[in-house]
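Let me begin by presenting the structure, written as structure tokens, before commenting on it.
Throughout, read-outs are computed from the coordinates displayed, never taken from laboratory work. These numbers come from a predicted model, not from an experiment. Note: ideal-geometry Cβ built from the backbone for every residue, glycine included; neighbour counts use all protein chains shown.
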Amino acid sequence: MTELQKKKTEIQTCPLCKSELVYPVERCQVNDMEWKVLLLCPNCSCKREMVVERETVRELLKSARVGRESLMRELDKMQKRNMEEEVDKFICALNKDHILPIDF
């Protein structure tokens, strides 16, 4: 594990609950090499500010983007699965005459 990866892992670990899902919510440049980053833990809502190097900020943002994309893919799968279940229930109800014109 490189030094940058170790630093990123430390930053993304919550000091209170030890969750490894900490992500940046705000950032601003301090100087040419450093950024002030506001980090949030989604499990316990712990917020903390840190000053980190530019490359660390890039890695944090990349990690957050990858995580967000993964969550969106999973959400799409869940929505599709839920819709398929609802359609199956509706078809079953139609076949058993449990849905009448008055229902509409």
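From Lys18, Lys8, grab the single residue that is surrounded by 13 or more Cβ atoms within 10 Å (Cβ to Cβ) and among the basic types (Lys, Arg).
Numbers: Lys18 fails: surrounded by 13 or more Cβ atoms within 10 Å (Cβ to Cβ).
Sole residue among the options that is surrounded by 13 or more Cβ atoms within 10 Å (Cβ to Cβ) and among the basic types (Lys, Arg): Lys8.
If you go through segment 17-42 one residue at a time, how many are among the charged types (D, E, K, R), under 18 Å from Lys6 (Cα atoms) and either in contact with a His (Cβ under 8 Å, 6 or more places away or on another chain) or part of a strand (DSSP E or B) (or both)? Spell out how you get there, then give the answer.
As a first pass, look at segment 17-42 and keep what is among the charged types (D, E, K, R): 18, 20, 26-27, 32, 34, 36.
Of the ones still in play, those that are also under 18 Å from Lys6 (Cα atoms) are 18, 20, 34.
Right, trim to either in contact with a His (Cβ under 8 Å, 6 or more places away or on another chain) or part of a strand (DSSP E or B) (or both) and you get 34.
Residues meeting the conditions: 1.
Could you please let me know if Ser45 is part of a loop (DSSP other than H, G, I, E, B), of a type in the set (Ser, Thr, Tyr) and at positive phi?
Yes, satisfied.
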